[in-house]
Amino acid sequence: DSVNFVDLWGLETISALKVSLKIADAEYQVVGATYDFVSQYNTMKKENIIGNDHYNHAMANSRAKKRGKFGRATAQFLSFVREATDVIRKGDSDKDIREDNIANRYGRDIKPGESPEEHNAIFDTRKGGRRADLSNIASDDSPKTIRDFLNSFFTRDEYLNKNEKNKEKNKWKK
């Protein structure tokens with residue numbers, strides 16, 4: 001009833017519930033992805049296998065990405081923060097960071113239905129895998145700046161669609 005502002009059909013309640021469920025799902029993905037990173041870090045420390053860190057980088061990213069788009073975004077953020085802290089704490093070189101980012105990105109490129117263990121086996125040195133190596137790739141498009149990192153959260157189409165929606169919304173405000 002638009003005159004008395006009464007929701008006779010309960011549509012506003014349903015709409016609020018849908019929003020709440022979306023927020024809960026996002027929170028679940030973020031917390032779960034963070035758990036994936038901590039768990040994989042603990043596994044890496046426990047195994048203490050020199051040269052197998054790229055496998056663990058890729059595994060954490062794969063597991064986080066499989067949780068959904070917020071899991072993927074969390075994986076990107078945590079990978080970036082981890083590399084930044086490695087520079088500060090350990091003095092990692094640009095080459096080390098870029099190679100770690102290759103493993104991070106490779107892990108996030110997992111396809112639906114694919115197992116993280118199979119997808120990332122290429123980096124598992126315990127089973128004949130190898131470390132990520134800059135000489136084996138044509139180009140390194142990992143984020144170089146904070147702006148590149150933030151822009152990497154959106155695909156080009158998502159960014160363009162978002163801008164078009166904002167233009168349409170603001171058109172009526174003038």
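The values are calculated or read from the model by the stated rules, or taken from the named source; none is laboratory data. Keep in mind that what you see is a predicted model, and the values were worked out from it rather than measured. Areas reflect the complete protein model, heavy atoms only, side chains present, ligands, DNA and RNA absent. Shrake-Rupley method; radii C 1.70, N 1.55, O 1.52, S 1.80 Å.
LYS95 contributes an accessible area of around 110 Å² to the protein surface, as traced by a 1.4 Å probe with all chains present.
Please calculate how many Å² of accessible area the stretch 49-139 carries per residue, with a 1.4 Å probe and no DNA, RNA or ligand atoms counted. If you can, show how the numbers build up before the last one.
Numbers: 4790 Å² over 91 residues.
The answer is 53 Å² per residue.
Any idea what the relative contact order of the stretch 19-110 is, in percent, if you count C-alpha pairs under 8 Å spaced at least 6 apart? Walk me through the numbers on the way to the answer.
Numbers: 90 pairs, mean separation 31.9, N = 92.
It rounds to 35 percent for the stretch 19-110.
For the stretch 61-105, the convex hull drawn through the C-alpha positions has a volume of 54 cubic angstrom per residue. Binning all Cα-Cα separations of the stretch 30-75 at 5 Å, short to long from zero, yields these whole-percent fractions: 5, 27, 30, 19, 11, 6, 1.
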